[in-house]
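What follows is a set of notes on a single structure, which appears directly below.
Read the figures in this text as sums done on the coordinates, not as results from a lab. Since the model is a prediction, treat every value here as computed from it, not as a measurement. Cβ: placed from backbone, ideal geometry, glycine included. Neighbour counts: every protein chain shown.
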Amino acid sequence: MFMSCGGEVIPKPEGMLRLSYPIPKYQEIELPCSYSFEKNEFSELKKARRNRKCWYNLEYREMNATLYLSYYKIQDNLDSLLRDAQNLTQEHFIKADGIKPNEYANPESNVYGMIYMVSGDAASPSQFYATDSVNHFIVGSVYFKVKPNYDSILPAADYLRNDIRHLMESLRWKE
């Protein structure tokens, strides 16, 4: 005869992975460029590998992510810069479930732009551009160094979107 331990079998609740990141602390970054901004201390500022003046990367090592920042001086080419920034986002439409644009305007600082939130398994979950419409133009893209899986990277992507928003809010042009 076989006997087993008594008691009711109770199913365990499903476990969910909980990713948490530090509360952002921002510090102003002075660059030898025509702009400055505040960056999250959780990120590390590095000069971009390309030999372009005023191109920088914000590396988030613990997230395995990078925010690439590219600066352009406007020289009667604002239309093409805007078109290129918008086309860069549209390239992700093949893998994306959706792209939600959010306009940004700060007339006091003369900063205008757009933040794109990309949902789905696209390579870049967030992209943005900012300009003063006369002299300065910055475009930025977030990329993770892993195969895109929207559900897995969503907490990190949301955290980085908040950093992008803060970057745009703290962006200042130098004349």
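Observations on the structure shown:
- Stokes-Einstein D (µm²/s) once Rh is taken as the Kirkwood radius of the chain over alpha-carbon pairs, at 20 °C in 1.002 mPa s: 120 µm²/s
- Computed extension gain for S80 through K145, at 0.36 nm per residue and net of the alpha carbon distance, reaches 20.5 nm.
- Taking other residues whose beta carbon is less than 15 angstrom from the beta carbon of E59, and scoring Lys, Arg as +1 and Asp, Glu as -1, yields +2.
- The dipole here belongs to the chain: it is taken about the Cα centre, uses +1 on the Cβ of Lys and Arg and -1 on the Cβ of Asp and Glu, and is about 620 debye.
- Within the stretch 87-175: Cβ-based charge dipole about Cα centre, in debye rounded to nearest 20 (Lys, Arg +1; Asp, Glu -1): 220 debye
- Computing FRET efficiency as 1/(1 + (r/R0)^6) for N87 and R52, where r is the C-beta to C-beta distance and R0 is 25 Å, gives about 0.85.
- Ordering of 74-83, 148-157 by burial proxy (mean other Cβ atoms within 10 Å per residue, highest first): 148-157, 74-83
- Converting phi to 3J(HN,Hα) with the Karplus coefficients 6.51, -1.76 and 1.60 and the offset θ = phi - 60°, the stretch 127-136 yields 9, 7, 9, 9, 8, 9, 6, 10, 10, 10 Hz in sequence order, with x at every glycine or proline.
- For the chain, the longest principal axis of the C-alpha atoms and the axis of helix 150-170 are separated by about 30°.
- In this structure, E103 and I10 have a Cβ-Cβ separation that, at R0 = 41 Å, corresponds to a calculated FRET efficiency of about 0.20.
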